[in-house]
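Encoded as structure tokens, the structure appears first; notes follow it.
The values are calculated or read from the model by the stated rules, or taken from the named source; none is laboratory data. Computed from a predicted structure; not experimentally measured. Here the Cβ is made from the backbone with ideal geometry for all residues, glycine too, and neighbour counts use every protein chain on show.
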Amino acid sequence: MKHHCSGFLNIRAPPIPDTGFPFSPPTTSGDTPKHQPPQTNMHPTATTTASLYYREGSSNKVYQAAIEPKDDDFIVTYAYGRRGNTLTTGTKTDVLVPLTTATRLFDKVGTYEELKLEGVEGVVFKDIDAPFTPGRPNSGGPQLKFKFVESASFVVLARNPQRSVTLGLYPAGGDSPVPAGNVTIPPNHEVPAPDDVVEIKKRHLKDLGPLHPAATTTVESFLRCGDLASGFTRLQCPDCGHERLLAFTCKVRHFCPSCHQRRVRSTSDWIATAVCHEVPHRQFVFTIPKDLRGIFRKRRQLLTHLFHTATETLRDAFRIRLKLPDGKLGAIAPVHTFG
């Protein structure tokens, strides 16, 4: 079945202008394209090359491809790795091919590697005669999803709860492995034993910055919620002596459905019975301008001043509206730092 690339649909990242960042051309000229297509009018015995460079944060990668003559035909070769280190080399053609075939493969390889360096999730291919359908296709049918992944071999150091294992790597010239983090094994795979060598695959995704420590703590607490192995309280009936174990909960708001709903009910009951009076109530929403949100995110102590400013604004507005210069305002003011 013949396939060709269907334009990468909506999972392709926006085109990066030829400004040299994050891709840099092989030369210092700002007008040199980051990916140089093969010259179709070149002499058949010449070699066509292209290089892709990626610099962002600690990443400094290079990918090179070339059309090289061999006997009366051609091959497409490649090399990739970290700049300044020894590159991994290989060939994209198992057999010798004509120049037109090599040129077409060379151009596809360049586009494919450029997308990988951009950090997109993958590409979509379709039957050459199939109509174009935007979006990510389901499994099967005339369209095929291909996800970019990177893989590496690790040694399992230990098994952890919740289908997790600790991985390790052997340093150059070292006899003992160094811990390299934990990974969760999917349900359709068997959990490896310590000292097993496993192949770990990581999907290519756009770098969204570091994960906030609170996010990891929240998820880990949620996974332990209601688990007797994480702690419990023993309840006993004073009359019959019957006992029951009650597992500890995570008490995480918003993320854990059961704990959040329990807190919502208890808080709303307390407000309705102990705080609010039998008078009409109104709801007001104050939002922080987008340009100022970063300040409040980094200096959360300012949220207290935000409460005072909001309630004072409402108080002054009602005093003017009701012509009560000494009027007092009662308000319940929660803060929402999400959504």
Identity of the residue in segment 161-198, among the hydroxyl-bearing types (Ser, Thr, Tyr) and under 25 Å from LEU228 (Cα atoms), that ends up modelled with the lowest pLDDT: THR184
Need a quick list: helices (runs of 4 or more DSSP H) entirely within segment 253-339 having at least 2 residues that are without any contact (Cβ under 8 Å) to a residue 40 or more places away in the chain, hydroxyl-bearing (Ser, Thr, Tyr) and under 29 Å from VAL219 (Cα atoms). 257-270
Between THR184, THR166, which is within 23 Å of the chain's Cα centre (by Cα), among the polar types (S, T, N, Q) and under 24 Å from LYS147 (Cα atoms)? THR184
Tabulated pairs, segment 63-74, first more than 11 Å from LEU99 (Cβ to Cβ) and part of a strand (DSSP E or B), second small (Gly, Ala, Ser) and modelled with pLDDT of 85 or more, C-beta under 6 angstrom, 6+ apart or interchain: GLN64/ALA79
Do you know which residues across segment 221-246 are part of a helix (DSSP H, G or I) and either among the hydroxyl-bearing types (Ser, Thr, Tyr) or more than 12 Å from CYS256 (Cβ to Cβ) (or both)? SER221, LEU228, ALA229, SER230
Take segment 39-93 and flag every residue that is out of contact with any Leu (no Cβ under 7 Å at 6 or more places or on another chain), modelled with pLDDT of 85 or more and within 13 Å of ASP107 (Cα to Cα). GLN64, ALA65, ALA66, ILE67, THR77, TYR78
How many residues does segment 296-339 hold that are under 40 Å from the mean Cα position of the chain (by Cα) and of a type outside the set (Phe, Trp, Tyr)? 22
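For (1) of a type in the set (Ser, Thr, Tyr); (2) within 26 Å of ARG163 (Cα to Cα); (3) surrounded by 10 or more Cβ atoms within 10 Å (Cβ to Cβ), each residue gets a yes or a no:
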| site | (1), (2), (3) |
| --- | --- |
| CYS225 | no, yes, yes |
| ALA229 | no, yes, no |
| PRO238 | no, no, no |
| GLU243 | no, no, no |
| CYS256 | no, yes, yes |
| PHE284 | no, no, yes |
| ASP291 | no, no, no |
Of the residues LYS201, LYS206, which is part of a strand (DSSP E or B), modelled with pLDDT under 80 and exposed (fewer than 11 other Cβ atoms within 10 Å of the Cβ)? LYS201
